[in-house]
1. Provide the packing ranking of A:176-186, B:161-171, i.e. peptides ordered by the mean count of other C-beta atoms within 10 Å per residue, highest first.
2. Mean 1/r over all different Cα pairs, inverted: what Kirkwood radius does segment A:1-135 give, in Å?
3. If one takes the longest principal axis of the Cα atoms in chain B, at what angle in degrees, from 0 to 90 and to the nearest 10, does the Cα axis of helix B:57-69 lie?
4. Compute a Gaussian network model of chain B, connecting alpha carbons closer than 10 Å, and tell me which residue from B:Glu88, B:Glu35, B:Glu55 fluctuates the most.
5. For the pair A:Asn228 and B:Leu123, what calculated FRET efficiency results from E = 1/(1 + (r/R0)^6), where r is the Cβ-Cβ distance and R0 = 45 Å, to the nearest 0.05?
6. What percent does the relative contact order of chain B come to when contacts are Cα pairs within less than 8 Å and at least six residues apart?
7. Going by Cα centres, segment C:71-85 and segment B:128-166 are how many Å apart?
8. So how far apart, in nm, are the two label points at B:Ala232 and A:Ser219 if each is 7 Å from Cα heading toward Cβ?
Amino acid sequence: MAEYHRSAMIADSPSGYCPGCLHSLATRLISDVITELGQEDNALNVISVGCSALNLLYWSGDNLSVAHGRAPAAATGAKRANPERLVFAYQGDGDLAAIGLAEIMSAANRGENFTVIFANNQTYGMTGGQMAPTTLIGQKTTTTIYGRDPATTGYPMKMCELISQLPAPAYVARFALNSPKGVRQARDGIKKAFQMQLDGKGFTFIELLTNCPTNWKLSPLQTLEYMNTNTIPYFTPGVFKDITAKEADA
Amino acid sequence: MGEKRFMKGNEAIAEAAVRGGCRFFAGYPITPQNEIPEYLSWRLPEVGGAYVQGESEIASVNMVYGASAMGTRAMTSSSGPGISLKAEGISYLAAAMLPALIVNISRGGPGLGSIQPAQSDYLQATKALGHGGFHAMVFAPNSAQEAVDLVYDAWEYAERDRNPVLVLMDGCLGNIMEEVELPPMKALSDEDLPEWSLTRRNGRDYQGTITPIYTEPILESINAMAGETYKAWEEEDVKVEEFLLDDAEYVVVAYGIASRVSKEAILRLREEGYKVGMIRPITLFPFPKQSIRNLDYSRVKGIIDVEMTIPAQMRDDIALQVLERCPIHEYGRSGGCLLDDDGVYEAILEIVTGGNDNG
Amino acid sequence: MKQSFVFTGSGGQGIMSAGITLAHTAIDMGKHATYLPEYGPEQRGGSAKCTVVINDDVIVSPLPRMCDNLIVMNEVALAKFIDDVKPGGVLLINSSRIKGKIERDDVRLIAAPVDDIALQLGDGRVANIILLGILIGATGIVAKETLIESLKDKFKDKKPQVLEMNIKALDAGIEIGESSH
């Protein structure tokens with residue numbers, strides 16, 4: 001059995017994430033991959049707004065904290081100004097798929113050579129559980145107390161599917177963090193995306209299906225089951241685009 | 001002796017920025033500032049810099065935020081409607097203590113307004129460039145040459161104060177072609193990178209964090225520090241032109257294009273024996289309070305606030321220094337209708353000959 | 001001496017280019033000059049206007065209300081700007097497009113069918129250079145030789161015939177201008 005260790009990029013302080021929240025796991029995966037790639041000093045974490053901003057408290061590498069939804073724009077400036085750095089933005093669903101929709105789509109469309117990691121937990125966690133653009137049909141939130149009704153709120157947005165339609169992005173993939181297998185795949189996906197960035201391949205996008213025990217009003221274990229029965233059937237995990245797969249075929 | 005060129009104000013700003021060390025620009029098209037991004041789109045790559053056409057003014061200012069965090073001299077430009085969109089990002093720049101140059105080539109307002117020139121953004125520039133009660137130093141050149149000189153040194157102020165600098169210039173001066181003398185390219189090396197920047201190039205071996213988020217006591221102390229900075233500006237960085245004030249009975253206060261038209265009118269009025277002078281703020285923030293406060297009000301019979309906007313926006317700043325010691329009159333054109341020599345001359349003449357007592 | 005010029009017409013008539021060339025030439029002669037364009041939102045066919053101020057000394061205001069020389073390319077612009085030329089000033093009109101009576105008798109009126117002359121020379125696009133020639137002939141504001149130098153610079157990447165055509169147009173204009181005295 002593997003021995004637990006604190007991941008190198010994570011500071012020795014409480015994270016602030018709620019018990020059972022998969023943000024913690026996602027952050028750890030990113031940290032482990034950065035260590036494996038020997039990029040501890042080179043990685044720049046562009047921190048967005050929402051629960052993801054708690055990264056400020058316990059990410060021990062370089063941080064650039066930015067306005068709500070604007071991480072892909074700020075990352076564009078940072079990476080263009082300093083192309084040798086490994087730049088990644090970590091964004092939640094309200095940040096990325098609502099207020100920051102123009103920024104994510106445009107950065108992807110320009111093929112900016114950085115990585116966006118998108119934590120999709122179908123809710124605005126930090127502000128208390130309002131409906132997100134990714135909230136599932138029928139899912140109850142503080143602004144959809146009878147469940148999300150598509151007649152007035154539309155449908156949950158599938159960001160991987162949207163982004164993979166663009167010509168420029170190099171790697172687009174979705175992973176679910178509610179099973180050991182999903183976690184291993186996510187870790188490999190993040191590593192692939194970072195390596196592709198280091199190789200100058202262009203824009204890479206990783207969507208991680210996560211949870212929110214507090215606002216879903218479920219126990220951590222129940223959230224994992226909820227993801228199996230509700231989230232995963234709608235947000236299908238998989239690789240949506242990978243330019244290196246084509247290169248390997250050729 | 002610098003290099004002389006006949007250039008558009010907007011292009012002169014762009015070239016001066018490059019020579020002043022700018023290596024990153026992001027912006028979004030809007031008239032009347034389009035020559036700035038157009039020029040920098042080819043010019044920056046020539047000097048190893050980067051140009052990005054942003055998907056919006058919001059994205060553009062945030063790109064500047066990212067580039068500036070890396071220690072790169074970065075700028076964006078726009079006009080009133082776009083500056084409103086950048087307000088969020090400018091406020092974040094101030095919060096994260098990041099230097100940047102913001103250029104506003106202003107036009108008629110409010111709303112979409114007019115694409116024609118106007119000085120309609122004084123209040124936005126000097127009072128609330130964004131939320132949260134911060135200020136940026138505001139330069140208001142009145143010629144292409146002065147724009148070159150101020151832009152060239154803008155980052156010296158921005159980096160010293162770790163705060164954005166705004167250049168406010170109306171569409172007239174943005175589009176005017178005049179002869180300018182260009183300064184030499186500043187030689188900046190990695191050693192010049194600010195110590196706080198998030199680049200590895202300056203050999204930093206500790207964690208770097210740039211953030212607009214603070215705990216309450218730290219935010220309070222940062223607010224207090226900003227207050228001290230603004231006070232220091234007032235003592236050390238005010239730029240003002242005082243013109244024919246020694247015997248002036250009427251004093252025009254005007255900046256930018258309005259100051260040039262006013263000066264022409266004043267020269268004509270002087271020939272006719274009218275004792276009119278002018279105070280021209282070059283920095284709108286810090287405002288040249290002393291110049292107005294210290295006028296000899298036993299002689300000065302009136303202040304005339306001339307602006308290419310209606311109603312005049314500088315009036316309250318002037319009134320706080322005049323303290324009711326003489327009347328303040330105002331004259332302006334607005335909405336994209338331009339001031340002209342005869343119009344300003346006639347307006348001042350009417351005031352000095354007693355046709356108008358209190359504006 | 002300070003002299004102001006306002007060129008008016010519609011977008012695509014070479015108004016802006018004429019203004020820039022005049023201002024540039026004045027600067028090449030060691031004078032001071034400002035050039036200020038004003039356009040509508042349209043890229044082509046909308047109203048176009050530019051103001052050029054030339055002076056031996058630094059130019060204080062680039063925004064005169066009344067100009068010394070008004071150059072008008074079409075009737076729409078004439079109706080809009082006819083009152084903007086000072087009494088005693090030069091009103092230069094493109095009579096190829098302006099047929100009506102000119103309601104100013106206090107100005108020095110020069111009417112020349114510059115579009116027709118340009119077409120006779122073989123290139124409708126040089127009408128604006130004919131206008132500049134007329135201004136030189138009528139007012140001597142800049143030297144022909146300096147203007148040719150600035151045209152040489154402007155057309156340095158074009159075929160030599162382009163410069164030749166422009167010089168021909170300039171000469172044709174100067175002749176009209178000189179005979180207007």
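1. In descending order of packing, they fall as B:161-171, A:176-186.
2. Working: mean 1/r = 0.0659 Å⁻¹.
About 15.2 Å for segment A:1-135.
3. Computed tilt is about 60 degrees.
4. Highest fluctuation of the listed residues: B:Glu55.
5. On the way: r = 56 Å, r/R0 = 1.25.
Once the sixth-power term is evaluated, E becomes 0.20.
6. Working: 764 pairs, mean separation 64.4, N = 359.
Computed value for chain B: 18 percent relative contact order.
7. Taking the Cα centre of segment B:128-166 as reference, the centre of segment C:71-85 is 41 Å away.
8. A separation of 5.8 nm, rounded to one decimal place.
No lab work stands behind these numbers, since they all come straight from the coordinates. Fair warning: this is a prediction, and the values are worked out from it, not measured in the lab. Methodologically, a virtual Cβ is constructed for each residue, glycine included, from the backbone with ideal geometry; neighbour enumeration extends over all protein chains shown.
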